[in-house]
Amino acid sequence: PSKYLMMAQNTKDGLSEYISNPYLIEEVEKKVEELEYEISKIDANFKDTISNSNYNTIVTDNNLLKYLEKYGLKVISLEETEELSTNTIEEVNKLIDDKKIKYIYTTKSETNNTVKKIIEDKKIELITYNSMRSVDGGITNSNDNYLTIMNNNIDLLKKELYK
């Protein structure tokens with residue numbers, strides 16, 4: 001959310017350079033203030049969701065969700081890089097065996113081989129979290145927007161954190 005707040009401010013500043021009509025400037029500023037308020041609520045909701053949760057760890061198939069660590073969430077990434085160790089995979093398997101982890105989060109349509117094997121072996125669920133990495137966040141031709149997607153993502157996190 002903090003990046004989207006910055007983007008909203010930058011967009012407003014950029015538009016201000018090209019708009020000379022005081023009414024339009026006022027409308028742009030009003031809309032940006034409304035957006036900043038809504039995004040701030042999302043940011044606060046992330047903080048509250050994580051700080052009030054029963055558990056504070058999730059497993060993901062890539063590093064994109066590492067930004068959630070700034071809210072106090074432990075994010076274990078199974079991204080297939082040189083840094084992925086056998087110890088990390090064993091830690092995830094133990095968390096699953098101990099029934100502390102029921103889901104692995106992904107931000108893609110296809111997951112990696114490490115996660116596929118864990119899902120097959122442990123019979124757990126893969127949950128798709130919308131990272132908004134594409135230009136439109138994959139919402140073209142839908143009724144979704146940034147706010148509805150982020151609220152949905154918070155609900156997806158709650159599945160693991162509030163079990």
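Quick rundown of the values:
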read-out	value
Pair list, Cβ < 6 Å and 6+ apart or interchain, from the range 63-91 residues that are among the acidic types (Asp, Glu) to residues that are surrounded by 14 or more Cβ atoms within 10 Å (Cβ to Cβ) and assigned to a helix (DSSP H, G or I)	Glu79/Asn63; Glu80/Thr114
Test: residue in the range 132-154 that is more than 30 Å from Leu35 (Cα to Cα), in a helix (DSSP H, G or I) and open to solvent by 40 Å² or more (accessible area, probe 1.4 Å)	no
Filter result for Leu68 (assigned to a loop (DSSP other than H, G, I, E, B) and either open to solvent by less than 50 Å² (accessible area, probe 1.4 Å) or of a type in the set (Val, Ile, Thr) (or both))	no
Inter-residue pairs, beta-carbon under 8 Å, first over 17 Å from Asn145 (Cβ atoms) and in the range 11-38, second among the acidic types (Asp, Glu), 6+ apart	Lys12/Glu29
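Each row is one residue, and each column tells you yes or no for (1) part of a helix (DSSP H, G or I); (2) touching a Leu at 6+ places or on another chain (Cβ under 8 Å); (3) open to solvent by 40 Å² or more (accessible area, probe 1.4 Å); (4) of a type in the set (A, V, I, L, M, F, W, C).
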site: Gly14; (1), (2), (3), (4): yes, no, no, no
site: Tyr23; (1), (2), (3), (4): yes, no, yes, no
site: Glu36; (1), (2), (3), (4): yes, yes, yes, no
site: Ser40; (1), (2), (3), (4): yes, yes, yes, no
site: Phe46; (1), (2), (3), (4): yes, yes, no, yes
site: Val75; (1), (2), (3), (4): no, yes, no, yes
site: Lys108; (1), (2), (3), (4): no, no, yes, no
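The values are calculated or read from the model by the stated rules, or taken from the named source; none is laboratory data. Quantities reported herein were computed from a predicted structural model and do not represent experimental measurements. Every residue, glycine as well, gets a Cβ built from its backbone with ideal geometry; the counts of neighbours run over all protein chains shown. Keep in mind that these areas ignore ligands, DNA and RNA; they rest on the heavy atoms of the full protein, side chains included. Shrake-Rupley method; radii C 1.70, N 1.55, O 1.52, S 1.80 Å.
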